[in-house]
Amino acid sequence: MSTRAYRVGLTGGIASGKSTAAKFFGALGVPILDSDQIARDVVEPGQPPLGRLVERFGPSILTPDGHLDRPALREIVFSDPRARADLEALTHPAIGAAMEARSAEAGGPYQILVIPLLVEKNLSAHVDRVLVVDCEEQLQLKRVRAREGSTLEQARSILNAQASRAARLKAADDVIHNDTDMNAVREQVAALHARYLDLAQQARP
């Protein structure tokens, strides 16, 4: 049996409250590994994946100071499935390796891996348990519009590009309901923390 820490994959749709839930777990001393942050780190200047991206997409994806120009790259891959597949092939191995390395360093009785696309990319096999932060879609739309300054149509487009709410809930072992306020989320996190400590203890060899 593996000696790595017990892993809980935290996911949810845009504006569902993933960051809030992760913050509350972190306040309890749980190591938090954020796949989005790792994805940003592996394309910093000097990192091999950035050089490979420039070889594939050209120097126009760089800012004047040599950083990745994310909007420029997003514009290239947004409507080109082949370009998007190339982007993933050039970055995902490095992201996975960095996640494993940071997980080994972080320790802890269990870890929270924040993976927004866990369901879309079928990554549940990489974690021991799937935790979904869920809320009503109308509330998601409201939050997206407030946060992104988008129209209702743009917000719907963002939601439609992700896994459906039903698909995420089907994949979930546990669900945090984020339809009310932060105190309710904090209470659910506290209850799950106790459960995960117990599950992690049971999983030890």
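The values are calculated or read from the model by the stated rules, or taken from the named source; none is laboratory data. Because the structure is a prediction, the values reported are computed rather than measured. Neighbour counts run over all protein chains shown; Cβ positions are idealised from the backbone, glycine included.
Looking at region 143-153, which of its residues are polar (S, T, N, Q) and surrounded by 13 or more Cβ atoms within 10 Å (Cβ to Cβ)?
Ser150
Return the residues of region 1-57 that are more than 16 Å from the chain's Cα centre (by Cα) and among the polar types (S, T, N, Q); say none if nothing qualifies.
Scanning region 1-57 gives Ser2, Thr3, Gln47.
Could you look through region 12-48, keep only residues that are of a type in the set (D, E, K, R) and within 24 Å of Ala163 (Cβ to Cβ), and pick out the one that is modelled with the lowest pLDDT?
Asp36
Here are some conditions: (1) modelled with pLDDT under 95; (2) farther than 24 Å from Arg168 by Cβ; (3) outside the structural domain of Arg147 (by TED's automatic domain parsing); (4) charged (D, E, K, R). Glu88 meets all but one. Which one does it not meet?
Checking Glu88 against (1) modelled with pLDDT under 95; (2) farther than 24 Å from Arg168 by Cβ; (3) outside the structural domain of Arg147 (by TED's automatic domain parsing); (4) charged (D, E, K, R), the one that fails is (2).
Of everything in region 122-142, what is surrounded by fewer than 17 Cβ atoms within 10 Å (Cβ to Cβ) and under 23 Å from Gly9 (Cβ atoms)? Give them in sequence order.
In the first step, residues of region 122-142 are kept if they are surrounded by fewer than 17 Cβ atoms within 10 Å (Cβ to Cβ); the result is 122, 125-126, 136-139, 142.
Residues satisfying the conditions are Asn122, Ala125, His126, Glu136, Glu137, Leu139.
Could you figure out which of (1) part of a helix (DSSP H, G or I); (2) touching a helix residue (DSSP H, G or I) at 6+ places or on another chain (Cβ under 6 Å) isn't true of Val119?
Going through (1) part of a helix (DSSP H, G or I); (2) touching a helix residue (DSSP H, G or I) at 6+ places or on another chain (Cβ under 6 Å) one by one, Val119 breaks only (1).
Among the numbered conditions (1) in contact with a strand residue (DSSP E or B) (Cβ under 8 Å, 6 or more places away or on another chain); (2) in a helix (DSSP H, G or I); (3) more than 24 Å from Val8 (Cβ to Cβ), tell me where Ser60 comes up short.
All conditions pass for Ser60, except number (1).
Within region 35-42, identify whether any single residue is touching a residue at least 60 places away in the same chain (Cβ under 8 Å) and surrounded by 16 or more Cβ atoms within 10 Å (Cβ to Cβ), and answer yes or no.
Yes - at least one qualifying residue is present in region 35-42.
I'd like to know if region 170-180 contains one or more residues that are assigned to a helix (DSSP H, G or I) and not hydrophobic (A, V, I, L, M, F, W, C).
So the first thing to find is which residues in region 170-180 are assigned to a helix (DSSP H, G or I), and the list is 170-171.
From what's left, not hydrophobic (A, V, I, L, M, F, W, C): 170.
Yes, the conditions are met somewhere in region 170-180.
Kindly evaluate Thr3 against the criterion of being exposed (fewer than 13 other Cβ atoms within 10 Å of the Cβ) and in the same structural domain as Arg168 (by TED's automatic domain parsing).
Yes, satisfied.
Might you let me know whether region 85-98 holds any residue that is closer than 20 Å to Ile158 by Cβ and surrounded by 15 or more Cβ atoms within 10 Å (Cβ to Cβ)?
Yes, because at least one residue in region 85-98 is closer than 20 Å to Ile158 by Cβ and surrounded by 15 or more Cβ atoms within 10 Å (Cβ to Cβ).
If you check every pair at least six apart or on different chains, which have Cβ atoms under 6 Å apart with a residue in region 152-165 that is more than 17 Å from Ser79 (Cα to Cα) and of a type in the set (Phe, Trp, Tyr) first and a residue that is modelled with pLDDT of 90 or more and loosely packed, with under 13 Cβ neighbours inside 10 Å second?
Nothing qualifies.
Tell me, please, whether a residue that is farther than 30 Å from Leu197 by Cα, in contact with a helix residue (DSSP H, G or I) (Cβ under 6 Å, 6 or more places away or on another chain), aliphatic (A, V, I, L, M) and not assigned by TED's automatic domain parsing to the domain that holds Gln201 can be found in region 91-111.
no
Evaluate the following for Glu55: is it in a helix (DSSP H, G or I) and not aliphatic (A, V, I, L, M)?
So Glu55 passes the test.
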